[in-house]
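The values are calculated or read from the model by the stated rules, or taken from the named source; none is laboratory data. Predicted model only: the values in this text are computed from it and were never measured. Every residue, glycine as well, gets a Cβ built from its backbone with ideal geometry; the counts of neighbours run over all protein chains shown. Areas reflect the complete protein model, heavy atoms only, side chains present, ligands, DNA and RNA absent. Shrake-Rupley method; radii C 1.70, N 1.55, O 1.52, S 1.80 Å.
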Amino acid sequence: MSRVALVTGGTRGIGAAIAVMLKEAGYNVAATYARNQERAEAFKEETGIHVFQWDVADFEGCQKGVEAVEADLGSIDILVNNAGITADATLHKMTSDQWHAVVDTNLASCFNMTRAVINGMRDRSFGRIINIASINGLKGQFGQSNYAASKAGMRGFTKSVALENAAKGITVNAIAPGYTDTEMVRAVPEKVLESIIAQIPAGRLGKADDIARTVLFLADEAAGFITGETINVNGGQYMV
Ligand code: CAA
């Protein structure tokens, strides 16, 4: 029977590419979305991927959502914590709402979602947790103290949960995409984006499929000895 994969924020951008690539590789895939129902329905229609709506920042919502996915598709073997938002502002202008929205959606969601699936994975002695972090969590970014903090936090989370679950056949890894051609990056002011692309040795933005391919690699049974790691996929923009 094919393994079940759940991708949060999986109906648009990088998440959609991940969901599609996993499905094409034979996984039974569910994708979550928070608000944009029209886009989610279109995605479902186009790809045949199951879609579910809940807010990953809501702990109870994640518990109920995971129950609904498992009732439909079976136990979740692979969780991709991909859902994320930006609310860019310099710290001296940032509101408390901008801080909390970003930290709750990007980082607290990793706790909410992983907490909902981890005991099942431990019981079955298999699991893959893949957290989509960011180059900016590693290097910092002007106007992104909230986003960079949330993405850096994912790295500590990844390593800790990896340690706790390595003996149970569960790997926990992060991928840190660089600037990738998605709606999120296209929303960056044009001048700023031009200056960022000039700093990418590969000379281009990443493609969502560059990230999806890395997820596919980590999700495989054969990647079972890689855990607690962060893989940078950034065209050489930042090397750690
Ligand atoms: N480095 C240094 N100085 C900068 C700068 C930078 N990167 N960006 C702006 N500044 C300077 C400006 O030149 C300006 O200086 P002057 O007043 O001397 O002219 C000053 O800072 C204020 O700039 P703005 O007028 O742009 O300020 P603002 O408050 O209107 O906006 C901002 C600031 C919100 C940070 C805006 O510049 C912005 O949106 N930047 C993009 C941030 C970014 O890269 N976000 C990534 C989103 S994609 C993503 O996050 C995905 C991923 O994982 C990679």
With a cap of 13 neighbouring Cβ atoms within 10 Å, and only residues DSSP puts in a loop, list the chymotrypsin sites (Phe, Trp or Tyr not before Pro) found in the stretch 23-69. none
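Are there chymotrypsin sites (Phe, Trp or Tyr not before Pro) in the stretch 113-187 that DSSP puts in a loop and that have at most 16 other Cβ atoms within 10 Å, and which ones? Intermediate results must be reported in sequence, preceding the final value.
Working: sites: Phe126, Phe142, Tyr147, Phe157, Tyr179; in loops: Phe126, Phe142, Tyr179.
The qualifying sites are Phe142.
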Rounding to the nearest 10 and keeping the result within 0 to 90°, find how far the Cα-based axis of helix 145-165 lies from the longest principal axis of the chain. 30
Charges on Cβ only, +1 for Lys and Arg, -1 for Asp and Glu, centred on the Cα centroid of the stretch 1-78; of Thr11, Gln63, Ile76, which one is farthest towards the dipole's positive end? Thr11
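At 1.4 Å probe size, put Leu22, Leu163 in order of accessible surface, largest to smallest. Kindly include the intermediate steps, with their values, before the conclusion.
Details: Leu22 0, Leu163 145 Å².
Highest to lowest solvent-accessible surface, that is Leu163, Leu22.
About the Cα centre of the chain, what is the dipole size in debye to 20, counting +1 per Lys and Arg Cβ and -1 per Asp and Glu Cβ, all else neutral?
Working: 22 positive and 26 negative charges, 121 e Å.
Its charge dipole is roughly 580 debye.
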Amide H contacts of Ala31 (H built 1.01 Å from N, under 5 Å, at least 5 apart or other chain): Val7, His50, Val51, Phe52
Non-local amide H neighbours of Glu229 (under 5 Å, H modeled in plane, Pro and chain starts lacking H): which ones? Ala174
Work out the length of the dipole vector of the stretch 2-126 about its Cα centre, built from +1 on the beta-carbon of each Lys and Arg and -1 on the beta-carbon of each Asp and Glu, and round it to the nearest 20 debye. 280
In nm², what is the average projected area of the convex hull enclosing the Cα atoms of the chain? 12.5
Separation of the stretch 110-170 and the stretch 61-107 by C-alpha centroid, Å? 12
Virtual spin-label span in nm between Phe111 and Glu164, 7 Å along Cα→Cβ: 1.0
With DNA, RNA and ligands ignored, accessible area of Arg124 (1.4 Å probe; Å², nearest 10): 100
If I stretch the segment between His100 and Arg35 completely, what's the gain in nm (0.36 nm per residue apart, minus their alpha carbon distance), one decimal? 21.6 nm
Using the Karplus curve 6.51 cos²θ - 1.76 cosθ + 1.60 with θ = phi - 60°, what ³J(HN,Hα) values do you get for each residue of the stretch 208-213, in whole Hz, with x for Gly and Pro? 4, 5, 4, 7, 4, 4
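Once you have a ≥ b ≥ c as the square roots of the Cα gyration tensor eigenvalues for the stretch 106-240, tell me rounded if a/c is under 1.5, and otherwise prolate or oblate according to whether a/b is larger than b/c.
Details: a/c = 2.49, a/b = 1.87, b/c = 1.33.
Prolate, since a/c reaches 1.5 and a/b exceeds b/c.
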Cα-based Lys proximity count in the stretch 4-233, under 20 Å, for pairs eight or more positions apart or on separate chains: 7
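Net charge near Ser109, counting Lys/Arg +1 and Asp/Glu -1 over other residues with Cβ under 14 Å of its Cβ? Before the final figure, lay out the partial values.
On the way: positive: Arg115, Lys151; negative: Asp55, Asp58, Glu60, Asp104.
Combined, the nearby Lys, Arg, Asp and Glu give -2.
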Can you work out the Karplus-derived ³J(HN,Hα) for every residue in the stretch 18-25? Use 6.51 cos²θ - 1.76 cosθ + 1.60 with θ = phi - 60°, whole Hz, and x for glycine or proline. 5, 4, 5, 5, 5, 4, 4, 7
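Which order do His50, His100, His92 take by accessible area at a 1.4 Å probe, largest first? List each step's numbers first, then the result.
Working: His50 70, His100 95, His92 155 Å².
So, going from the largest accessible area down, we get His92, His100, His50.
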Assuming 0.36 nm per residue, please report the length gained on full extension of the stretch Phe225 to Tyr238 beyond their Cα-Cα distance. 2.2 nm
On a full-extension model of 0.36 nm per residue, what is the gain between Asn119 and Ser2, subtracting their alpha-carbon distance, rounded to one decimal in nm? 40.1 nm
Go through Arg213, Arg115 and list them by solvent-accessible area, largest first, probe radius 1.4 Å. Arg213, Arg115
